[in-house]
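Quick notes on the structure that follows.
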Amino acid sequence: MRSINTAYAGLAGNYLFSEVARRVRVYKENHPEADVISLGIGDVSQPLVPAVIEALHEAVDEMSRAETFRGYGPEQGYAFLREAILKHDYLSRGVSLDADEILSSDGEKSDVGNFHELVGEDSIIALTDPVYPVYEDSNAMAGRGGVHENGRWSSIVYLPCTKENNFHPALPEKRVDVVYLCSPNNPTGTVLDRTELEKWVNYARENDSLIMFDAAYEAFIRDESIPRSIYEIPGADEVAVEFRSLSKTAGFTGLRCGYAVVPKKITAKTADGTVLHLHDIWLRRQCTKYNGCPYIVQRAAEAAFMEPARTQMKAVLAIYQGNADMMLKTCEKLGLEAFGGVHSPYVWLRTPGGMDSWSFFDLLLEKAAVVCTPGVGFGASGEGYVRLTAFNTPSLTRAALERLERVLADVRS
Ligand SMILES: *Cc1c(COP(=O)(O)O)cnc(C)c1O
């Protein structure tokens with residue numbers, strides 16, 4: 001009989017989102033008249049901005065003429081895009097990088113889910129709990145998980161993020177090789193400030209560890225003093241790889257574009273002690289397994305980094321931030337404990353009366369036809385929370401919050 005990779009065979013099913021979908025389906029079957037509003041999904045609702053669409057059309061037309069047609073492009077992306085990213089995302093914030101250190105892709109999930117291939121097979125991996133599941137699953141697929149018991153992998157180091165520690169993960173007790181950090185955070189919506197980021201950069205420098213920094217939501221940061229990039233911390237370019245996406249910031253969830261920053265200063269040792277540069281190995285890996293983000297998408301992405309798209313995108317972001325504000329205001333009015341939502345499209349809501357995540361999910365679905373995401377699905381420390389997203393339209397968000405208000409009034413009376 002053919003055999004299957006045991007690391008893949010040992011994976012748990014994607015329980016969280018399939019179970020949410022299953023419960024919503026059952027509810028709809030039993031209540032065909034109900035109009036369900038989702039504050040659950042992490043997908044955007046607003047269309048691409050006009051300047052991005054224009055760039056896309058232009059690039060499509062270029063593909064129709066022999067003189068301007070493009071076939072295979074550079075695996076790491078065209079220089080025009082990497083230079084636009086450098087100028088607008090980094091130089092503008094005083095971070096100097098080389099455009100070669102930026103490698104574009106078909107979205108951040110591909111990068112943050114593949115980058116672990118570069119580190120030694122038996123590396124010790126640290127993750128926050130709750131966590132964006134891609135970091136955990138991709139390392140488990142590589143065989144770094146050990147045994148899966150009670151929702152956790154035996155070989156992975158989990159760093160709980162709770163209200164007691166302000167959702168700031170503590171440094172691991174024993175040395176880890178790799179730590180994944182996500183700020184602004186999915187799912188908690190909280191952010192790591194300069195002091196917290198310095199703590200991690202110092203840790204990585206002292207321990208020869210690697211930081212995988214996920215900055216998918218940097219555009220939601222409203223306070224200028226909070227770093228948007230880990231490279232705003234001195235020395236981070238020797239220990240941190242940064243991943244970014246145009247999905248949440250520019251509405252590219254369907255178009256697909258992201259990028260990894262791999263500074264040339266980051267080195268790692270082979271088993272026999274030879275020192276290699278992660279940048280060279282990542283480029284080598286991409287050239288073998290990947291053929292680049294589509295040209296037309298890279299032109300659309302380039303436009304997204306320039307005016308007038310930037311101003312247009314600010315207006316879209318303001319819609320989502322307005323939704324998050326509405327959520328926080330409603331929670332306050334109802335006396336619900338809520339976190340995040342300021343520098344992030346996610347509100348991390350403490351369930352009332354000590355309910356567990358799934359019970360509160362069921363209550364909201366049954367009584368209000370509102371869908372949220374149970375916090376426990378992101379890790380054991382998410383128990384007793386649900387995640388609400390600000391990505392729906394303002395009118396549906398308002399309607400969902402009015403229903404939440406009514407349900408709580410009923411429950412409490
Ligand atoms: C949405 C998201 C991404 C980006 O995914 P894409 O593949 O670029 O769409 C990355 N990290 C986190 C934490 C996310 O929530």
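The values are calculated or read from the model by the stated rules, or taken from the named source; none is laboratory data. What you see is a predicted model, and the numbers here were worked out from it, not measured in a lab. Methodologically, a virtual Cβ is constructed for each residue, glycine included, from the backbone with ideal geometry; neighbour enumeration extends over all protein chains shown.
Considering only the range 183-202, state which residues are more than 12 Å from residue 214 (Cα to Cα) and either within 16 Å of the ligand (Cβ to nearest atom) or in contact with an Asp or Glu (Cβ under 7 Å, 6 or more places away or on another chain) (or both). Within the range 183-202, 187, 188, 189, 190 meet the criteria. Kindly indicate whether any position in the range 216-224 is within 13 Å of the ligand (Cβ to nearest atom), in a loop (DSSP other than H, G, I, E, B) and buried (at least 23 other Cβ atoms within 10 Å of the Cβ). There is at least one residue in the range 216-224 that is within 13 Å of the ligand (Cβ to nearest atom), in a loop (DSSP other than H, G, I, E, B) and buried (at least 23 other Cβ atoms within 10 Å of the Cβ). State yes or no: is residue 206 in contact with a His (Cβ under 9 Å, 6 or more places away or on another chain), more than 16 Å from the ligand (Cβ to nearest atom) and either modelled with pLDDT of 95 or more or outside any loop (DSSP other than H, G, I, E, B) (or both)? Taking the combined requirement at face value, the residue does not satisfy it. Considered as a group, the residues in the range 231-257 that are near the ligand (Cβ under 7 Å from one of its atoms) and among the small types (Gly, Ala, Ser) include one that is nearest to residue 113 (Cα to Cα), and that residue is 245. When the range 12-21 is filtered for residues that are surrounded by 14 or more Cβ atoms within 10 Å (Cβ to Cβ) and modelled with pLDDT under 90, the ones remaining, listed by number, are 16, 17. Looking at the structure I just gave you, is residue 260 touching a residue at least 40 places away in the same chain (Cβ under 8 Å) and more than 20 Å from the chain's Cα centre (by Cα)? Against the criterion (touching a residue at least 40 places away in the same chain (Cβ under 8 Å) and more than 20 Å from the chain's Cα centre (by Cα)), residue 260 does not qualify.
Residues satisfying the criterion are absent from the range 177-187 (criterion: more than 27 Å from residue 7 (Cβ to Cβ), surrounded by fewer than 23 Cβ atoms within 10 Å (Cβ to Cβ) and not small (Gly, Ala, Ser)).
Condition test on residue 262, is it away from the ligand (no atom under 16 Å from the Cβ), within 20 Å of residue 302 (Cα to Cα) and in the same structural domain as residue 115 (by TED's automatic domain parsing)? Answer is yes for this residue.
Being in contact with a Cys (Cβ under 7 Å, 6 or more places away or on another chain) and surrounded by fewer than 20 Cβ atoms within 10 Å (Cβ to Cβ) is the filter here; which residues of the range 66-95 pass it? Across the range 66-95, the qualifying residue is only 75.
In this structure, does residue 81 turn out to be over 30 Å from residue 130 (Cα atoms) and modelled with pLDDT of 95 or more? Criteria met by residue 81. Only helices (runs of 4 or more DSSP H) whose full extent lies in the range 70-177 are considered here, and the ones with at least 3 residues that are within 15 Å of the ligand (Cβ to nearest atom) and not aromatic (Phe, Trp, Tyr) are 108-114, 133-141.
Within the range 265-288, the set of residues being without any contact (Cβ under 8 Å) to a residue 24 or more places away in the chain and either within 16 Å of the ligand (Cβ to nearest atom) or at positive phi (or both) comprises 273 only.
When you look at residue 247, is it assigned by TED's automatic domain parsing to the domain that holds residue 126, at pLDDT 95 or above and either buried (at least 21 other Cβ atoms within 10 Å of the Cβ) or of a type in the set (Val, Ile, Thr) (or both), yes or no? Criteria met by residue 247. Checking the structure you have, find out if any residue of the range 389-402 is closer than 30 Å to residue 157 by Cα and outside the structural domain of residue 191 (by TED's automatic domain parsing). Yes, the conditions are met somewhere in the range 389-402.
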